[in-house]
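The values are calculated or read from the model by the stated rules, or taken from the named source; none is laboratory data. Given the structure is predicted, the values throughout are model-derived calculations rather than measurements. In this analysis, Cβ positions are derived from the backbone assuming ideal geometry, glycine residues included, and neighbour counts consider all displayed protein chains.
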Amino acid sequence: MKSIVIIGSGMGGLTAGNLLAKKGHKVTMFEAQKTPGGYTGGFRHEGFYFESGTLAFESSAQVFRAMKEIGVFDKIEFARQKMHINAGKMNGVCSSYREFKTLAYCSYPGEKEKLDRYFGEADKMIRAMTGMMAPHGVAGFLAFPFHLAGFMYLFRKYSKITVTDFAAACFGEGSALYAHFKGFGYPDMSAALIGPALAAFLDDYWTVKKGFQSWADALADNFRALGGELRLGTPVDKIVTKHRAAAGVEARGEFFPADWVISAADYKKTFLAWLDDRSLLPAEFVKKVSETAVSEGIVTAYLGLSLPPAELGKWLKAPYGSYRDPSSVADFRLGADDPDYFKKAGAGLYSPSLHDASLAPEGKSSLMIQAIAPTHWMNNWGGGDRQKYRELKEGVKRELVAKAAAVIPGLEERIEYSDLATPLTYERFTANTDGATSAWSWNPHNKFYGSPLGVHIGTPIKNLLIGSCWSAQIGGVPSAINAARRCARRIG
Ligand SMILES: Cc1cc2nc3c(=O)[nH]c(=O)nc-3n(C[C@H](O)[C@H](O)[C@H](O)COP(=O)(O)OP(=O)(O)OC[C@H]3O[C@@H](n4cnc5c(N)ncnc54)[C@H](O)[C@@H]3O)c2cc1C
C-alpha cells in the first residue's frame, strides 16, 4: 500500500482517487473549494441549479469505461446533448453530424461546391479517425494501419493551419459561411481538429441529466466508501520535496507525507507557485511553463427565470443552443482591446432545467449564456480596479441577455436572478490560470507538448504526476480522465 496525495477534486482528481483507493492505496484528496467537481461541478442559487462551466463532454466510450471500472456508471444519468443551431439562415436542431451537414446544405443551396470542399476534408478526417478507433474483427484489424496512415497524413496536412484560415480558404473571407465556420470550436484552433470536433460535438456529446454536480458527488461518495479521505475547503499551499522527489504536501501549515503526489489542478501553479524548490526544474522547462499560452476563458451569465420549462423549450428547441448573428462578426484576434467584442460574439444558450425540471423551482427555469472571452479582455477586466470590473461585468451581462432575448422574446421581464462569471471568477474558483477552460492553447502555433494527441503525466520531479486535463495540449473531461487512469497505472 502506498500513500498518495491528490491536489484537486475535478474529474481528473476524482477519477484518480477512486481508481487508486480501489487498489487499496491510502489516498488523501485535497480540494480548495467546499464542494468537489472543479469545472465539472454545479451550484444552486435561490433553487435554480447551474453548471459551473462545463455543459457537456465527448469521447463517451473512454469516459463510460472509466466510470464502469470505478463502479459508479449506474448511479449517473448521462444524457445526449442535442444542439439547436441558430445562426441567420442556418436554423435547426441537430442531433448528429449528418443532420448538421443537411442543415448547412439546405440553408445555403447555392454554396454546394464550397460546402463540399469543407465537409469533404472533415469527412476524410472522421473516416480515418473512426476507422482507427474501432478496428472490429479481422478486416478491421487489417485495415487499421491504412486508417492510421490516412489520419496522420491529414493531421500533418492541417495541423499548422487554423480553423479561421481553413474557413477563409473554403468559403472566402467575409462570406456568411466564413462567419459561421471560422468560429467553430476554439478560436484559431488547428484545422486538423475540425473532423474530430464536428464528430464529437454532434455525434458523441453528452451531459448529466441531474447536473454535473451529481456526477462529482457520486464519485466523491464512492471514493469515501473505498476508504479515501476527501479534505474539502483545504487548499494545498506547497508541494514538498525531499532528495529531489515529491515527498508530500503542505496545507494549512500541516505537512502530509506521501509516496506519490498527483497534481490534478492547474499546471502553471503546480510548478511556478506550489513546488517548494523551483531550482529542481530545468530552466528551459520553467521558461516554457511560464510562457506557453493557455486556452481561452469564458464568460457565463446565470439566469433564474420565471418561465416554465415548456415555454422556454418552445423558444430554445433543445436544452443547448448555439446562437450567432452572422451580420455582426467579432474578430477574436483583435478582441482583447475591443469594448464591443461581446456585442458581436456568438453565444451558447443552455438550460439545465430543460433536461430535468427539478433543477429549477416549480414552473421556473434556469438558463446559462456563455461566450468565449479574449484572454485579458479590457486590460484583464479593468486592470485591478474593482469598480471598473463591476461595470465591465454588468455591461457583458447586458450584452449576453440581449443576445438570448433575440431567441426568447420578453426574456428581460422574466429574470428573477442573474449573475456573471468571468475568466477571473473561474480562476478564483478553480485556480486554472486566466480561467483557462481546456488546458493549453488550441492554437497550433502555441504548443506546450510536441503532439496535441498525447497524454503526458510525467514531470521533471520524481514521484510528482499530472492527473488533470493539463496532461494534454487540448484539455477536456476525457483528457482529465485519461490522465487519471494513467496515473493509477503508473503507481500500480
Ligand atoms: C465553460 C466550459 C466548457 C467546457 N466544455 C467542455 C466540453 O464541451 N467538453 C469537454 O470535454 N470539456 C469541456 N470543458 C473542459 C473540462 O471541463 C475540463 O477540462 C475538465 O473538467 C478539467 O478537469 P480537471 O480535473 O483536470 O480540473 P478542474 O476541473 O479544473 O479541477 C481542478 C480542481 O482543483 C482544485 N484546486 C485548485 N488548486 C488547488 C489547491 N491548491 N489545493 C486543492 N485544490 C485545488 C480546484 O478547486 C478544482 O476543483 C469545459 C470547461 C469550461 C470551463
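Residue check: A431 meets all listed conditions (1) on the phi < 0 side of the Ramachandran plot; (2) hydrophobic (A, V, I, L, M, F, W, C); (3) surrounded by 15 or more Cβ atoms within 10 Å (Cβ to Cβ) but one, namely (1). Answer yes or no: is there a residue in segment 206-213 that is part of a strand (DSSP E or B), free of Cβ contacts under 8 Å to residues at least 60 places away in the same chain, within 13 Å of the ligand (Cβ to nearest atom) and not small (G, A, S). Looking through segment 206-213, none of the residues is part of a strand (DSSP E or B), free of Cβ contacts under 8 Å to residues at least 60 places away in the same chain, within 13 Å of the ligand (Cβ to nearest atom) and not small (G, A, S). For the condition in contact (Cβ under 8 Å) with a residue 12 or more places away in the chain, within 12 Å of the ligand (Cβ to nearest atom) and in a helix (DSSP H, G or I), A192 does not qualify.
Within this structure, I474 passes the test of being farther than 15 Å from K268 by Cα, aliphatic (A, V, I, L, M), buried (at least 23 other Cβ atoms within 10 Å of the Cβ) and modelled with pLDDT under 95.
Quick one: in segment 20-38, which of the residues that are surrounded by fewer than 23 Cβ atoms within 10 Å (Cβ to Cβ) and not in a strand (DSSP E or B) is farthest from the ligand (Cβ to nearest atom)? Talk me through it step by step, then tell me what you get.
Our first condition is that a residue be surrounded by fewer than 23 Cβ atoms within 10 Å (Cβ to Cβ); within segment 20-38, this holds for 22-26, 28, 32-35.
Still in the list and also not in a strand (DSSP E or B): 22-25, 32-35.
On the way: K22: 18, K23: 20, G24: 23, H25: 19, A32: 4, Q33: 5, K34: 10, T35: 9 Å.
Top of the filtered list is G24.
If the condition is being within 14 Å of the ligand (Cβ to nearest atom) and of a type in the set (G, A, S), then segment 1-19 contributes G8, S9, G10, G12, G13, A16, G17.
Restrict the check to segment 33-48 and report whether at least one residue is of a type in the set (D, E), at pLDDT below 95 and on the phi > 0 side of the Ramachandran plot. So far as segment 33-48 goes, yes, one or more of its residues are of a type in the set (D, E), at pLDDT below 95 and on the phi > 0 side of the Ramachandran plot.
Restricted to segment 286-309, and to residues that are in a helix (DSSP H, G or I) and over 25 Å from R398 (Cα atoms), which residue is farthest from the ligand (Cβ to nearest atom)? Please lay out each step first, then the result.
Residues of segment 286-309 that are in a helix (DSSP H, G or I), as a first pass: 286-291, 309.
Now drop any that are not over 25 Å from R398 (Cα atoms), which leaves 286-291.
Numbers: V286: 19, K287: 23, K288: 20, V289: 16, S290: 18, E291: 21 Å.
Ranking the qualifying residues of segment 286-309, first place goes to K287.
Name the one entry in K287, K317, K269 that is charged (D, E, K, R) and over 23 Å from G475 (Cα atoms).
On the way: K287 fails: over 23 Å from G475 (Cα atoms); K269 fails: over 23 Å from G475 (Cα atoms).
Going through K287, K317, K269 in turn, just one is charged (D, E, K, R) and over 23 Å from G475 (Cα atoms): K317.
Results for (1) closer than 27 Å to S351 by Cα; (2) without any contact (Cβ under 8 Å) to a residue 12 or more places away in the chain, shown as yes or no for each residue.
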position	(1), (2)
I4	no, no
G10	yes, no
L14	yes, no
M29	no, no
A32	no, no
A56	yes, no
R65	no, yes
V72	yes, no
K75	yes, no
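The set of residues in segment 289-299 that are surrounded by fewer than 23 Cβ atoms within 10 Å (Cβ to Cβ) and either under 24 Å from D419 (Cα atoms) or among the small types (G, A, S) (or both) comprises S290, A293, I298. Of the residues making up segment 418-428, not a single one is within 12 Å of the ligand (Cβ to nearest atom), surrounded by 17 or more Cβ atoms within 10 Å (Cβ to Cβ), touching a residue at least 40 places away in the same chain (Cβ under 8 Å) and assigned by TED's automatic domain parsing to the domain that holds K269.
Does T270 satisfy the condition of being part of a helix (DSSP H, G or I) and in contact with a strand residue (DSSP E or B) (Cβ under 6 Å, 6 or more places away or on another chain)? Give the derivation first.
Values: part of a helix (DSSP H, G or I): yes; in contact with a strand residue (DSSP E or B) (Cβ under 6 Å, 6 or more places away or on another chain): yes.
For T270, the condition - part of a helix (DSSP H, G or I) and in contact with a strand residue (DSSP E or B) (Cβ under 6 Å, 6 or more places away or on another chain) - is met.
When you look at N380, is it under 25 Å from the mean Cα position of the chain (by Cα) and outside the structural domain of V286 (by TED's automatic domain parsing), yes or no? Considered against the rule, which asks whether it is under 25 Å from the mean Cα position of the chain (by Cα) and outside the structural domain of V286 (by TED's automatic domain parsing), N380 comes out as yes.
Being among the polar types (S, T, N, Q) and either within 17 Å of L465 (Cβ to Cβ) or near the ligand (Cβ under 8 Å from one of its atoms) (or both) is the filter here, so list the residues in segment 262-280 that pass it. Walk me through it before giving the result.
In the first step, residues of segment 262-280 are kept if they are among the polar types (S, T, N, Q); the result is 263, 270, 279.
Selection gives S263, T270.
Of the residues making up segment 43-60, those that are within 11 Å of the ligand (Cβ to nearest atom) and among the charged types (D, E, K, R) are E51, E58. Within segment 441-471, the set of residues being within 13 Å of the ligand (Cβ to nearest atom), among the hydrophobic types (A, V, I, L, M, F, W, C) and either modelled with pLDDT of 95 or more or touching a helix residue (DSSP H, G or I) at 6+ places or on another chain (Cβ under 6 Å) (or both) comprises V455, I457, L465, I466, C469, W470.
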